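Read-outs: derived from the displayed coordinates by stated rules, not from any lab. The shown structure was predicted, so the numbers you read here are calculated from the model rather than taken from an experiment. Methodologically, a virtual Cβ is constructed for each residue, glycine included, from the backbone with ideal geometry; neighbour enumeration extends over all protein chains shown.
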Amino acid sequence: MASLYAASHLPHIAGLERRHGPISDEVVTALRTLIKLILRSENPAEAIPFLDRCISIQESLHGPQSIMGDLDDWIGRAGHVDFKLVEPFQLRRLAIKSKLFGENSPEAAGECEAIARRWASHGDYSRARAFLERNISILEKLHGAASIEVATSVDALAEIGARLTKWAEAEASLQRSLHLKETIFGKRSEQAGRTLLTSAIVHANSSKLKRHGARFERLRKAETAFASGLDIIEERFGPDSLEVQKALEAMILAYLDCGEFWSAEPLLKRLLEICERTYGDDAAALLWILAELAAGYACERVDEAEPVLERGFAVLRTFLDVGKPIFHRSIVNMAGNRNVLYGGRQKGVLETLVQASETLRGNLRKRWGA
Amino acid sequence: MTDYSTQKLQCYCCGKASEHSVLMSSNSRGSPDLDQRPPKMYRWTIGSWLQECPYCGYVAPSIDKGDAKARKFFESDEFRVASLDPSPDPVTRRFLVRAAQRAYQGERRLAFLSTLSAAWVADDANQPTEAASLRLRAARHLEGPRITSIDTRLLLLDVLRRASSWEAAEALAVELTAEELGYPFAEIVAFHRDKIAVRDDARYTISQALEDKPPPPPPPPTAEDQERINAIARHIKIIPNPRRT
């Protein structure tokens with residue numbers, strides 16, 4: 001027994017059992033106190049045997065609904081406990097909610113989603129999916145098959161699939177989500193546009209491990225979905241809007257992550273143009289775009305790499321000369337501010353520029369006969 | 001082996017469709033010239049490097065592609081002036097229109113390169129006067145703020161020498177010599193200096209410039225490098241690992 005509190009409290013609980021009987025409110029109260037102490041300063045997993053005993057006694061004395069508080073308290077604090085140990089208690093809570101509120105109640109649906117998310121955090125897609133499908137089935141009965149609630153849960157299923165790199169499953173869920181969004185909000189809705197953009201990123205990622213033919217097909221699907229999604233976002237927010245910038249950036253990073261510079265290149269050029277207009281020609285917010293373009297060109301197109309690289313270093317020098325350089329992870333409200341270095345999920349611009357410069361030097365020597 | 005395909009393309013600017021010969025593949029054998037003019041057979045594909053819409057005159061590597069900047073140039077007076085260039089050769093004119101677009105967009109290196117390509121067309125047509133004139137025109141695109149790029153300045157050096165612009169060529173060669181560029185750049189600059197000294201404006205290849213000038217031997221390994229080499233050798237089991245013996 002690792003719990004220090006258990007060692008000191010169990011003799012006291014044994015005494016209560018002798019005085020009031022093992023199935024008594026007094027024993028439940030003492031067990032609850034022990035559980036609270038463990039939760040306060042020890043590993044919540046240490047409380048499992050006492051929780052199990054506590055809720056068994058409580059349930060036999062006052063019925064299943066009376067143990068909800070105990071389950072909520074412990075589950076709420078057991079975030080870091082191995083979910084295999086937590087799941088029996090969440091299943092018990094689901095069973096109680098189903099009995100109290102009905103099999104197809106919002107409470108049961110919420111519990112299914114919570115269990116699904118925990119399995120997803122644990123990396124078990126098939127179990128996560130089973131509970132989310134149950135959640136979706138309940139929501140369909142409650143709100144109708146084409147409802148915002150169902151679409152939100154289908155999105156959650158897609159998100160979990162993508163997070164656990166189950167690309168085929170994520171693609172299927174996004175297809176389902178797109179159909180729902182188009183039915184609920186309309187074919188040209190912002191929601192449909194965003195789902196298309198997410199689909200494009202998933203298609204690009206799913207190309208990573210594919211053979212050449214399948215890879216090309218996935219990339220083509222990514223390009224088509226992205227063009228359709230961006231078209232809708234442009235229509236709703238404007239061609240230079242922050243929403244368009246974010247969409248371009250997300251797709252660029254997905255392509256670069258897959259080693260598809262030439263798919264990212266036209267988007268990088270387009271984003272560069274937008275950022276030049278929005279933030280200024282020498283704004284530090286352009287740096288990551290220039291760095292990625294330079295790195296890509298340095299490998300194959302010396303002619304195009306040099307000016308981009310030179311411009312990148314010039315912008316970097318200007319930025320470092322300003323009085324108070326600032327770093328931001330978000331580009332919101334930065335229009336016109338030239339002194340903000342923007343870095344979303346990109347790696348360091350200096351490293352990228354220097355690596356591009358080294359690659360270019362090597363390729364230049366080859367070009368001139370070395 | 002050079003291979004072309006005929007494709008019907010819709011112009012990015014006017015939307016009209018026209019047929020174009022698109023270069024599908026080509027190879028090259030030998031060394032490029034000192035201005036990076038490619039060797040044959042790729043050199044002979046120069047006529048297909050740029051396409052031109054027969055309806056509106058839009059010029060691009062693929063006329064079905066473009067961007068906002070290209071459209072802006074297409075609607076400018078500069079485009080109209082460039083399109084009316086009196087050059088009798090349509091390939092030369094296409095390169096000059098492209099150069100005008102690059103200059104309009106402030107991309108002077110790319111303007112220089114497009115004009116240099118026009119000079120190569122004149123070279124192939126055996127028109128040395130026209131070629132020299134186009135080289136001077138290319139060089140003018142690089143006037144203004146100092147250029148730091150080694151690549152661009154090496155190209156410019158050859159362009160100035162071939163156009164017999166001796167003073168400018170000599171000044172640039174001196175500037176490059178002072179920079180201790182290392183192999184192979186320094187050897188190429190030295191080759192140019194020799195040719196400038198005797199007022200030689202002929203065409204030379206990179207391999208001619210580097211003839212009998214082998215790359216310097218790599219520096220001897222330092223103690224640290226030797227340790228690394230030993231570690232790698234142990235790893236691939238050339239030398240038994242002393243810890244295991």
How large is Rg/Rh for chain A, to two decimals, with Cα atoms and a Kirkwood Rh?
1.13
Listed by chain and number, the residues whose amide H is under 5 Å from that of B:VAL22, excluding neighbours fewer than 5 places away on the same chain and using placed H, are B:SER5, B:THR6, B:GLN7
Could you give the angle, 0 to 90 degrees to the nearest 10, between helix A:302-321's Cα long axis and the longest principal axis of the Cα atoms of chain A?
70 degrees
Using 0.36 nm per residue, how much length does the chain from B:ASN27 to B:ASP67 gain when fully extended, once their Cα-Cα distance is taken away?
11.4 nm
With the crude spin-label approximation of a point 7 Å out along Cα→Cβ, what separation in nm comes out for B:GLU19 versus A:GLU273?
3.1 nm
Simple SL model, points at 7 angstrom along Cα→Cβ for A:LEU10 and A:HIS328; separation in nm is 5.9 nm
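Rounded to the nearest 20 debye, what is the charge dipole size of chain A about its Cα centre when +1 sits on each Lys and Arg Cβ and -1 on each Asp and Glu Cβ?
Working: 49 positive and 50 negative charges, 119 e Å.
Roughly 580 debye for chain A.
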How do A:GLU182, B:GLU211, B:GLU187 rank when sorted from fewest to most other Cβ atoms within 10 Å of their own Cβ?
B:GLU211, A:GLU182, B:GLU187
C-alpha long axis of helix B:108-124 to longest principal axis of chain B, angle in °
80 degrees
What are the extents of the Cα atoms of the range A:194-262 along their three principal axes, listed from largest to smallest and rounded to whole Å?
38, 17, 17
How far is helix B:128-140 tilted off the main Cα axis of chain B, in degrees rounded to 10, range 0 to 90?
80 degrees
Karplus-derived 3J(HN,Hα) from phi for the range B:194-208 (6.51 cos²θ - 1.76 cosθ + 1.60, θ = phi - 60°), whole Hz, x at Gly and Pro, runs 4, 5, 5, 4, 9, 6, 9, 10, 7, 7, 10, 9, 5, 5, 5
Exposure-ranked with fewest Cβ neighbours within 10 Å first, B:TYR55, B:TYR104 stand as B:TYR55, B:TYR104
Quotient of Cα radius of gyration and Kirkwood radius for chain B, i.e. Rg/Rh, equals 1.12
Fewest-first ordering of B:MET1, A:MET251, B:MET24 by Cβ atoms within 10 Å yields B:MET1, B:MET24, A:MET251
With r as the distance between the Cβ atoms of A:ILE23 and A:LEU91 and R0 = 25 Å, compute the FRET efficiency 1/(1 + (r/R0)^6) and round to 0.05.
0.60
Return the sequence-ordered ³J(HN,Hα) values of the range A:37-53 in whole Hz as given by the Karplus equation 6.51 cos²θ - 1.76 cosθ + 1.60 applied to θ = phi - 60°, using x for Gly and Pro.
5, 4, 4, 5, 9, 10, 5, x, 4, 5, 7, 4, x, 6, 5, 4, 5
Each residue of the range A:72-84 in order: what ³J(HN,Hα) in whole Hz does its phi give by Karplus 6.51 cos²θ - 1.76 cosθ + 1.60, θ = phi - 60°, with x for Gly and Pro?
4, 4, 6, 4, x, 9, 9, x, 9, 7, 3, 5, 4
Spacing of the two label points (7 Å from each Cα toward its C-beta) at A:ARG215 and A:CYS299, in nm:
1.0 nm
